[in-house]
Amino acid sequence: MALIMRRAALRGFAGAVPTVLGLEAGLYLWALFAAAGLAAMVAASEAAFIVLRVIGAGFLIYLGVKAWRTAWQSRKLGSVQEPTENLLSNPKRGWWKPFGEGALVMLANPKAAVFMIAFYPQFVPADRPLFATTALLALLQVTVEIVLYLGLAAVVGRAGAWFRRPVIRRRLEAVSGTVLIALGLRVAAATR
């Protein structure tokens, strides 16, 4: 959610759409992995869990440090690093980067794998095909989450002009960096 809010605040609604879709694509893949048994392997294997935990924590910390660096550089320069006009001029510019960030954040989250294993099996009737039913349930979950997260992005994006003011943007970068680093440290310290 921190990633979505940051993207919507700084890039507007259109800039947050690829992040939301990336996160949800990653969630849907975890659901499919759970149905195929891969997520169970991650939950059962201490080594796989640790690898995902380290990758996820590292990526969140990387994003947080990047936000801190932007805030620090804009403080030294007296303005934001990237002109505000360029933030919204071409929302399709770099669409794959925020999509990839969202997908990687979700796929590198071992808790998502554990959640999928614990959540979906209880809703799959014994006489139904596991993979197809899980895929359908996950599609329903992803659809609901996309609507909710895009609604959040729309609300934050509407206030975007305020968020893009240099002082507010610098503070938003610092706060979102802190939140992302804290989440990364929490993931790093997480146990099953």
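The values are calculated or read from the model by the stated rules, or taken from the named source; none is laboratory data. As the structure is a computational prediction, the values presented were derived from the model and not from experiment. Here Cβ is always computed from backbone atoms with ideal geometry, including for glycine, and neighbour counts include all displayed protein chains. These accessible areas exclude ligands, DNA and RNA; they are computed on the full protein's heavy atoms, side chains included. Shrake-Rupley method; radii C 1.70, N 1.55, O 1.52, S 1.80 Å.
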Dipole moment magnitude, nearest 20 debye, the chain about Cα centre, only Lys, Arg, Asp, Glu C-beta charged: 940 debye
Gaussian network model of the chain, springs between alpha carbon atoms under 10 Å - residue of Ala16, Ala103, Ala48 with greatest fluctuation: Ala48
Rounded tilt (10° steps) of 96-107 against the dominant C-alpha axis of the chain: 40 degrees
Helical mean residue ellipticity (222 nm; -39500 (n - 2.57) per DSSP H run of 4+; nearest 500) of the chain: -28000 deg cm²/dmol
Cα gyration tensor shape of the stretch 108-182, rounded if a/c is under 1.5, else prolate or oblate by comparing a/b with b/c: oblate
Potential extension, Ile55-Met41 segment - 0.36 nm per residue separation minus Cα distance: 3.3 nm
Under the Karplus curve 6.51 cos²θ - 1.76 cosθ + 1.60, θ = phi - 60°, whole-Hz ³J(HN,Hα) for the stretch 7-19, x wherever Gly or Pro sits: 5, 5, 5, 8, 10, x, 4, 4, x, 8, 4, x, 5
Surface per residue (accessible, 1.4 Å probe) for the chain, Å²: 53 Å²
Debye intensity ratio in log₁₀ form over the Cα atoms of the chain, taken at each q of 0.08, 0.18 Å⁻¹: -0.30, -1.17
Per-pair calculated FRET efficiency, R0 = 22 Å: Lys66 and Ala188 via Cβ, rounded to 0.05: 0.80
The chain: angle of helix 46-77 to the longest principal axis, Cα-based, in degrees nearest 10: 10 degrees
